[in-house]
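The values are calculated or read from the model by the stated rules, or taken from the named source; none is laboratory data. Just so we're clear, the structure is a prediction, and the values are computed from it rather than from any experiment. Don't worry about glycine lacking a Cβ; one is built from the backbone with ideal geometry, like all the others, and counts go over all protein chains shown.
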Amino acid sequence: MPPQRREFPGDYSQQNLETFLEYLVSHNYWFLSTQDVYDYFLASTKKQIPAQYRDRPKVAISFDDGNKTIYTHLLPTLEKLENKYGRKNQAIVFINSGFLGGQVSLIKKVTCQDLREGLQKGLFDIQSHGLNHENLTKISLKSLERELSEDQKRLRKCTQDLDPDRTTASHIAYPFGAVNKQVEKYVAKYFVSGYLYDSRKLKIRFWPIDKYRISRLTVNSKHSAKRLIGLASGSWMRRIIKQLRV
């Protein structure tokens with residue numbers, strides 16, 4: 001937590017974060033990207049899980065809002081673990097491109113170059129969180145369209161030469177977890193799937209699952225590394241853990 005601002009409920013120490021992530025890496029967890037979740041578990045025609053991943057425990061770790069600490073804290077931790085264990089593990093970062101390089105409520109935000117570095121190193125899965133973190137259920141249809149389309153456009157422009165398959169900004173996490181049928185209809189024009197902020201378990205083995213209402217568990221400073229390890233445990237990817245603000 002930067003010393004120049006007050007503590008927020010979602011703040012999480014780098015030490016606890018590293019302890020948690022190292023447990024997952026050392027126990028051979030498969031860190032799923034948003035596209036992995038869709039391709040292997042949600043698509044109407046699912047891809048076959050590669051043999052090297054089939055029997056591994058599964059987890060998806062996501063960070064919302066694009067705070068600068070995903071670059072200053074998370075990225076170095078992922079690099080450190082890659083060097084120690086010899087394999088890359090991606091984190092999902094849901095970004096508000098309207099805030100890139102800026103500061104919101106004393107919290108510095110990542111720059112395009114920060115995101116590019118994480119993507120180039122194969123450690124960031126960069127996805128959308130709306131242009132300006134608006135509650136999508138409370139804005140005009142014109143504003144809704146812009147929040148979705150412009151965020152996707154800017155994120156893809158930032159990463160275009162590093163992302164030939166255009167996987168960046170193919171999925172969205174709804175700001176405040178707010179979604180309704182109208183929002184879902186517009187989201188489907190631009191994104192393959194949508195993630196909630198509902199602190200519920202995602203149980204992949206039970207069908208059907210609405211690909212535009214994917215549950216995530218929320219995490220804050222009250223969750224010890226030990227508790228997070230317990231939440232992530234399981235032979236199936238049963239939980240998606242939402243934002244650790246480091």
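So that you can scan it fast, the table gives a plain yes or no per residue for (1) modelled with pLDDT of 95 or more; (2) acidic (Asp, Glu):
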{"position": "Asn28", "(1), (2)": "yes, no"}
{"position": "Leu32", "(1), (2)": "yes, no"}
{"position": "Asp36", "(1), (2)": "yes, yes"}
{"position": "Ile49", "(1), (2)": "yes, no"}
{"position": "Pro57", "(1), (2)": "no, no"}
{"position": "Asp65", "(1), (2)": "yes, yes"}
{"position": "Ile70", "(1), (2)": "yes, no"}
{"position": "Leu78", "(1), (2)": "yes, no"}
{"position": "Asn83", "(1), (2)": "yes, no"}
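Within the stretch 36-57, residues that are polar (S, T, N, Q) reach no partner that is surrounded by fewer than 16 Cβ atoms within 10 Å (Cβ to Cβ) with beta carbons closer than 7 Å at six or more positions or on different chains. One residue stands out in the stretch 150-169 among those that are in a helix (DSSP H, G or I) and not charged (D, E, K, R): the one that is surrounded by the fewest Cβ atoms within 10 Å (Cβ to Cβ), namely Gln160.
Taken together, the residues in the stretch 55-66 that are touching a His at 6+ places or on another chain (Cβ under 9 Å) and assigned to a strand (DSSP E or B) amount to 1. Quickly run through the stretch 170-181 and pick out the residues that are under 20 Å from Ser33 (Cα atoms) and either in contact (Cβ under 8 Å) with a residue 24 or more places away in the chain or outside any helix (DSSP H, G or I) (or both). Listed by number, the residues that qualify are Ser170, His171, Ile172, Ala173, Tyr174, Pro175. For the stretch 55-99, the candidate set comprises residues that are within 23 Å of Gly194 (Cα to Cα) and among the polar types (S, T, N, Q); within that set, the residue that is nearest to the chain's Cα centre (by Cα) is Ser62. Of the listed requirements (1) outside any loop (DSSP other than H, G, I, E, B); (2) within 17 Å of Asp36 (Cα to Cα), Glu147 misses just one: (2).
Filtered by the rule that a residue be touching a residue at least 60 places away in the same chain (Cβ under 8 Å) and either charged (D, E, K, R) or over 25 Å from Lys181 (Cβ atoms) (or both), the stretch 122-163 gives Asp125, Leu155, Cys158. Being part of a helix (DSSP H, G or I), of a type in the set (A, V, I, L, M, F, W, C) and under 16 Å from Asp163 (Cβ atoms) is a description that does not apply to Leu78. Here the condition is being more than 21 Å from Ile61 (Cβ to Cβ) and out of contact with any His (no Cβ under 8 Å at 6 or more places or on another chain); of Lys142, Lys109, Lys121, it holds for Lys142 alone. Within the stretch 38-61, the set of residues being surrounded by fewer than 22 Cβ atoms within 10 Å (Cβ to Cβ) and closer than 26 Å to Ser149 by Cβ comprises Tyr38, Asp39, Leu42, Ala43, Ser44. Pairing residues of the stretch 83-104 that are touching a residue at least 24 places away in the same chain (Cβ under 8 Å) and surrounded by 13 or more Cβ atoms within 10 Å (Cβ to Cβ) with residues that are part of a loop (DSSP other than H, G, I, E, B) and charged (D, E, K, R), at Cβ distances under 7 Å and at least 6 apart in sequence or on separate chains, gives Asn96/Asp65. From the list Tyr71, Tyr53, the one residue that fits, being touching a strand residue (DSSP E or B) at 6+ places or on another chain (Cβ under 8 Å) and either hydroxyl-bearing (Ser, Thr, Tyr) or within 18 Å of Leu21 (Cα to Cα) (or both), is Tyr53.
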